[in-house]
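I have placed the structure first, in the form of structure tokens, so that the comments after it can refer back to it.
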Amino acid sequence: MRKHSLATDIRIVQAIATNDIWDVVRNKNALMVVVMALLVVVFYRALPLLYADATNMSVRIYDAGDSSLVAMLENSSTVDAYIGYASLEAMKARVADDDTPELGLVIPEDFDLLLDAGTPPALTAYTQHWVSDRDVSKIRERMEGELAALLGIAVDVDVTGDRIDALPTSHGLGATVAMSLAYVTIVIGTTLPPNLMLEERKARTLDALLVSPATPAHIALGKAICGLFYVLVGAAVTFAASYAVVTHWELALMTTIAAGIFSVSLGLLLGALLESRQQMQLWTWVVLAPLLISVVFVLMEELMPPVLVSVFRWVPTNLVLNLARAAFAGTITAADWAWQLLALLAAGAATMIAVVWAIRRSDR
Amino acid sequence: MTGTQAISVQALTRDYGAVRALKGISFDVAQGEVFGFLGPNGAGKTTTIKILTGQLRPSGGTAQVLGYDVVKERQELQARIGVVFEHQNLYERLSGRDNLTFSARLYGVDHQRVDQVLDLLGLAQQAGKKVKVYSNGMKQRLLIARALLHEPDVLFLDEPTRGLDPNVARDIRTFVAELADKGVTVFLTTHYMEEADRLSDRVAILHQGNIVALDTPAALKAKHGESLEDVFIALTGNSLRGQFEE
Ligand SMILES: Nc1ncnc2c1ncn2[C@@H]1O[C@H](COP(=O)(O)OP(=O)(O)O)[C@@H](O)[C@H]1O
Ligand SMILES: [Mg+2]
């Protein structure tokens, strides 16, 4: 690269990247990588929706006094009522952990008294921050209908107040979307560039590139930009399907880019080291399996040995997972993301150094 | 640059593991010359081209093309040479024109030049079709068009007529002869004796990694027999043809 002007470098890299971006659309193997990754994202997004409408409405109740309404709701056949929360906060945290829209209902201490007096107060209710206004009014109407049927008198449900923000450790929809993001960035980033490189090797077009003004570094950078482009497409689809969960867009964007840099570097490394499709299929899975399985470990941390969880937290895919969860949470501080973002960028930089080494080694 | 030499090779060797594919060859090619590199399969023709075009490091010896060292100055070198590869390495999913447009971007060549070379090689009509549906002859012409995009001073052709219909092969030979008339230096490998005889100003006969003869076709025939085939048999004790049918 050194002997060209910067304008020449940019022209060459851009030519290679553009050629590859178009080629992915025409190339069955590469297109499959992207489409399969996106199908998984859509599947995980659609799954909660599928069982949401098929089941009863879920209501989590925080009863400040000792209302008889609690028993009525528990016995109702059209509502799934959950009770026994020690505090309002405990009830809200539990609502935040769910990936379908839920109602957190607060029954005030004097509810029964006022009910007996024929003037029941409006009930305050909460729902997750990502539930759409349309769904909120749907749930509210359903709840009001249920209360009218049970109590024989109209009771207002007030969901206009604060929504329940997720915590960086919540399991709800945010965690599902974060998992999708980790999956889509790592799978597209690590499999697309080696596929493109292998294709050039097989067709021997790589030889033609190598006698042109393009250097191995130009070629790697071109493939990396193409890989990053499709990582961003995958992330865009993930966010488009669940934009309401995102509370901190700047962190979501930084996470996506850092995830892309890491995974594309890993893909380039595979592409530089592996020479046949069989080799590539084997090694892609050897590399991807631990990265993906450790995500499950961290998501099910309550069931796992704490030592393992604290180690697995620093696996790059889990950094993506937890950074995204922070980007989907309410109030966060730098402590929730700064070290993890730094670690993810460091993992990307270390992988890139390995790529430079691998390219130098394979250079003739 | 050493005088008017386009290519200059000194004691070049190349090992593939324990196999020595080139055993210390030396030769010069003058500017504007058509240099035939004749030898059977496995003689080391492609290895030589790969070294001279900066794709492969020599194990020993040195070589300059257009005065550039093929190891240390390959970027400068590669900007001024064209290569037609042994294999038809084109982007099959792209059209002929898109293949050339891509190369034009790499070389920083004007887009009008794409249409020029398409015309030159008689591909203008078919330029919009995917290379996948091209015949071998069309692919070969497209490879030559690609190698000429940036108007190189030296053109390397690795067995450009192998496996082609006689008619197509003849067209390509005619084209190469025309290029030479325009002053382009041509380094051509082949295992067809008639091709080497007809096109080359001088011929090197390569046998198992050694150059066993180097002269004009006329001088070689005057010394060893009626055809280059006789020359080859006289020098190696082998039939050139026999070696291809293995
Ligand atoms: N990549 C390689 N690895 C090992 N041996 C090779 C390689 N390429 C060529 N050879 C060997 O080097 C010799 C010369 O090959 P090559 O230059 O391709 O000959 P030609 O082009 O004249 O047919 C042959 O014996 C061939 O088997
Ligand atoms: Mg060969």
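The values are calculated or read from the model by the stated rules, or taken from the named source; none is laboratory data. Since this is a predicted model, take the numbers as computed values, not measurements. Reconstructed Cβ throughout: ideal geometry from the backbone, glycine too, with neighbour counts over all protein chains shown. The protein model used for the area step is the full one, side chains on, heavy atoms only, and it has no ligands, DNA or RNA in it. Shrake-Rupley method; radii C 1.70, N 1.55, O 1.52, S 1.80 Å.
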Fill in the blank from the handout: For the stretch A:53-158 the mean separation of alpha carbon contacts under 8 Å (6+ apart) over residue count, i.e. relative contact order in percent, is 26
Completion exercise
Dipole check, the stretch A:180-310, charges on Cβ (K,R +1; D,E -1), about Cα centroid: among A:T284, A:L299, A:L198 the Cα furthest to the positive pole belongs to A:L198
Completion exercise
Note: A:I153 to A:A71 extended length (0.36 nm per residue) minus current alpha-carbon separation gives 27.8 nm
Exercise for the section: Rounded to the nearest Å, what's the spacing between the alpha carbon centres of the stretch A:70-98 and the stretch B:117-175? Just the number, please. Expected result: 76
Problem - Axial C-alpha extent at least 27 Å, average Kyte-Doolittle at least -1.0 - helices from chain A (DSSP) - result: A:6-26, A:28-54, A:173-202, A:216-241, A:249-273, A:277-299, A:338-362
Practice task
Under a 10 Å cutoff between Cα atoms, tell me which one of A:I83, A:I186, A:I61 has the largest fluctuation in the Gaussian network model of chain A.
Solution key: A:I83
Problem - Average beta-carbon neighbours from other chains, 10 Å sphere, peptide B:55-62 - result: 1
Exercise for the section: Once you've got the GNM for chain A with C-alpha springs shorter than 10 Å, pick whichever of A:A125, A:A15, A:A224 has the biggest mean-square fluctuation. Expected result: A:A15
Practice task
Compute the distance in nm between two label points, each set 7 Å from the Cα along the Cα-to-Cβ direction, one at A:Q14 and one at B:A30.
Solution key: 4.5
Practice task
Using per-residue counts of other Cβ atoms within 10 Å, averaged over each peptide, order B:103-115, A:310-322 from highest down.
Solution key: A:310-322, B:103-115
Exercise for the section: Quote the FRET efficiency, to the nearest 0.05, computed for B:Q125 versus A:K202 with a Förster distance R0 of 35 Å and r equal to the Cβ-Cβ distance. Expected result: 0.75
Exercise for the section: Take the alpha-carbon positions of the protein assembly as shown, form their convex hull, and give its projected area averaged over all directions (one quarter of the hull surface) in nm². Expected result: 35.1
Fill in the blank from the handout: Under the 7 Å Cα-to-Cβ spin-label approximation, A:D110 and A:L308 lie apart by a distance in nanometres of 5.4
Practice task
Report the accessible surface area buried between chains B and A, summing both sides, using a 1.4 Å probe on protein heavy atoms only, in Å² rounded to the nearest 100.
Solution key: 2600
Problem - For B:71-78, mean number of other protein chain Cβ atoms within 10 Å - result: 3
Handout entry: Inter-label distance, nm, simple model (7 Å from Cα along the C-beta direction), A:M36/A:T55
Key = 3.1
Practice task
Quick one: check the C-alpha center-to-center distance for the stretch A:113-136 versus the stretch A:319-354, whole angstrom.
Solution key: 38
Problem - Shielding of A:8-19 by partner chains, average beta-carbon count, 10 Å - result: 3
Exercise for the section: Over the stretch A:53-158, give the accessible area per residue in Å² for a 1.4 Å probe, as an integer. Expected result: 49
Completion exercise
Taking the chain alone as reference and the full protein assembly as comparison, with a 1.4 Å probe on protein heavy atoms only, the residues of the stretch B:104-137 that lose at least 30 Å² of accessible area are B:R105, B:L106, B:Y107
Completion exercise
Here FRET efficiency (C-beta to C-beta, B:D110 to A:E141, R₀ 51 Å, nearest 0.05) is 0.15
Exercise for the section: Considering Cα pairs under 8 angstrom that are at least six residues apart, work out the relative contact order of chain A and quote it in whole percent. Expected result: 20
Exercise for the section: With springs only between Cα atoms under 10 Å apart, run a GNM on chain A and tell me which of A:L308, A:L198, A:L173 wobbles the most. Expected result: A:L308
Exercise for the section: On the protein heavy atoms, probe 1.4 angstrom, tell me the percent of accessible surface of the stretch A:53-158 carried by carbon and sulfur. Expected result: 47
Practice task
Note down the relative contact order for chain B as a percent, whole number, built from C-alpha pairs under 8 angstrom at least six residues apart.
Solution key: 26
Handout entry: Simple Cβ-charge dipole of the protein assembly as shown, Lys/Arg +1 and Asp/Glu -1, about Cα centre, in debye nearest 20
Key = 3160
Exercise for the section: Rounded to the nearest 0.05, what FRET efficiency do B:N238 and B:D69 give with R0 = 25 Å and r taken as the Cβ-Cβ distance? Could you check? Expected result: 0.10
Problem - Probe 1.4 Å, accessible area per residue of the stretch B:95-140, Å² - result: 48
Handout entry: When each of A:K223/B:K45; A:K223/B:K139; A:K202/B:K132 is checked by Cα-Cα distance, pairs over 23 Å
Key = A:K223/B:K45; A:K223/B:K139
Practice task
Can you find, among A:A208, A:I353, A:L31, the residue farthest towards the positive end of the dipole of chain A? Put +1 on the C-beta of Lys and Arg, -1 on that of Asp and Glu.
Solution key: A:A208
